[in-house]
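Beneath this line is the structure, given in structure tokens, with notes to follow.
The values are calculated or read from the model by the stated rules, or taken from the named source; none is laboratory data. No experiment lies behind these values; they were computed from the predicted model shown. Quick reminder, even Gly has a Cβ in these numbers, built from the backbone with ideal geometry, and neighbours come from all protein chains shown. Surface accessibility is based on the protein's heavy atoms, side chains included, excluding ligands, DNA and RNA. Shrake-Rupley method; radii C 1.70, N 1.55, O 1.52, S 1.80 Å.
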Amino acid sequence: MNEECLICKAPLEYLDNDTEMECVICHNKELSKTRCLEGHYVCSKCHMSGIDSIFGLCIGELSKNPIDVMNKMMSLPFCHMHGPEHHIMVGAALLTAYKNAGGNINLENALFEMKNRAEKVPGGACGFWGACGAGISSGIFVSIISNSTPLSKEPFGLSNIMTSKSLEKIGYVGGPRCCKRDSYFSILAAIDFVKEHFGIEMEKSEIACNFSSKNNQCIGIRCPFSKVGHKL
């Protein structure tokens, strides 16, 4: 078994109902459906400990390719095989590449806004909400660059369409979970969407997954990123 429980490495289990859990790291109590088979629970905040390290990376990054930026963030020590940190990282990678490709945003402010919004999307949303957090992150990205609010017209529509484009790609492949796969799908969908609707052309590159050996639920050849030379 590869990494599952951050405490003992045991497999995770998903309960039928929300149950009060106490985080074994910070001891905060909250409702959750997730714990390991040994009973350990780690809250999202503790699971994402170290997420702030992406800000320095993004601010200093010159790449116009959000896939490259995402891969660099995935290589940071805090990032796990799966986890809600990806809900922030997808949008952060897109904001960084968008800025470098000519997008008119204050990147530092945008990154902090991304974190503030995306950290509210819990782990397991992909299975429990029918909306993967990586896909939602791409919609948050568009909402930030378009200054969308609940009262907006076109930005409101674009943000929701962006999320739907990402979720469509994620949904057609199906489960079980893979935060890396869903992050790549969401970024690829956003690159094309932003070029069409915002006139900003981010770069993209072939994706050959380097994480399959660490993923106990890897779907193998069903994943388009498991093969070198994936066509974008």
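A few notes on this one:
- Residue within the stretch 189-212 that is in a helix (DSSP H, G or I), buried (at least 20 other Cβ atoms within 10 Å of the Cβ) and either at pLDDT below 90 or touching a Gly at 6+ places or on another chain (Cβ under 7 Å) (or both) present: no
- Just one residue in the set Gly60, Gly83, Gly50 is in contact (Cβ under 8 Å) with a residue 12 or more places away in the chain, open to solvent by 30 Å² or more (accessible area, probe 1.4 Å) and under 30 Å from Ala190 (Cβ atoms); that residue is Gly50.
- Filtering the stretch 115-144 to residues that are open to solvent by less than 60 Å² (accessible area, probe 1.4 Å) and of a type in the set (D, E, K, R) leaves only Lys115.
- The set of residues from the stretch 86-101 being open to solvent by 10 Å² or more (accessible area, probe 1.4 Å) and within 15 Å of the chain's Cα centre (by Cα) comprises just one member, His87.
- Qualifying residue in the stretch 80-94 (condition: at positive phi, touching a helix residue (DSSP H, G or I) at 6+ places or on another chain (Cβ under 6 Å), not in a helix (DSSP H, G or I) and not polar (S, T, N, Q)): yes
- Selection within the stretch 63-77: residues that are touching a helix residue (DSSP H, G or I) at 6+ places or on another chain (Cβ under 7 Å) and open to solvent by 20 Å² or more (accessible area, probe 1.4 Å). The member of this set that is nearest to Lys120 (Cα to Cα) is Leu76.
- Scanning the stretch 147-164 for residues that are touching a residue at least 24 places away in the same chain (Cβ under 8 Å) and either touching a helix residue (DSSP H, G or I) at 6+ places or on another chain (Cβ under 7 Å) or open to solvent by less than 20 Å² (accessible area, probe 1.4 Å) (or both) yields a count of 3.
- Among the residues of the stretch 165-180, those that are in a helix (DSSP H, G or I) and either over 14 Å from Ser137 (Cβ atoms) or free of Cβ contacts under 8 Å to residues at least 12 places away in the same chain (or both) comprise Glu168, Gly171, Tyr172, Val173.
- Those residues of the stretch 49-79 which are part of a loop (DSSP other than H, G, I, E, B) and among the hydroxyl-bearing types (Ser, Thr, Tyr), in sequence order: Ser49, Ser63, Ser75
- Single condition Phe112 does not satisfy, out of (1) crowded, with 17+ Cβ neighbours inside 10 Å; (2) in contact (Cβ under 8 Å) with a residue 24 or more places away in the chain; (3) outside any loop (DSSP other than H, G, I, E, B): (1)
- Ala101 being among the hydrophobic types (A, V, I, L, M, F, W, C) and under 29 Å from Gly220 (Cα atoms): no
- Members of the stretch 1-19 that are touching a residue at least 40 places away in the same chain (Cβ under 8 Å), farther than 19 Å from Gly127 by Cα and surrounded by 11 or more Cβ atoms within 10 Å (Cβ to Cβ): Asn2, Glu3, Leu6
- When the test is whether a residue is open to solvent by 50 Å² or more (accessible area, probe 1.4 Å), at pLDDT 95 or above and in contact with a Lys or Arg (Cβ under 8 Å, 6 or more places away or on another chain), Glu22 passes it.
- Here Asn104 meets the list (1) open to solvent by 30 Å² or more (accessible area, probe 1.4 Å); (2) modelled with pLDDT of 95 or more; (3) assigned to a helix (DSSP H, G or I) almost entirely, failing just condition (3).
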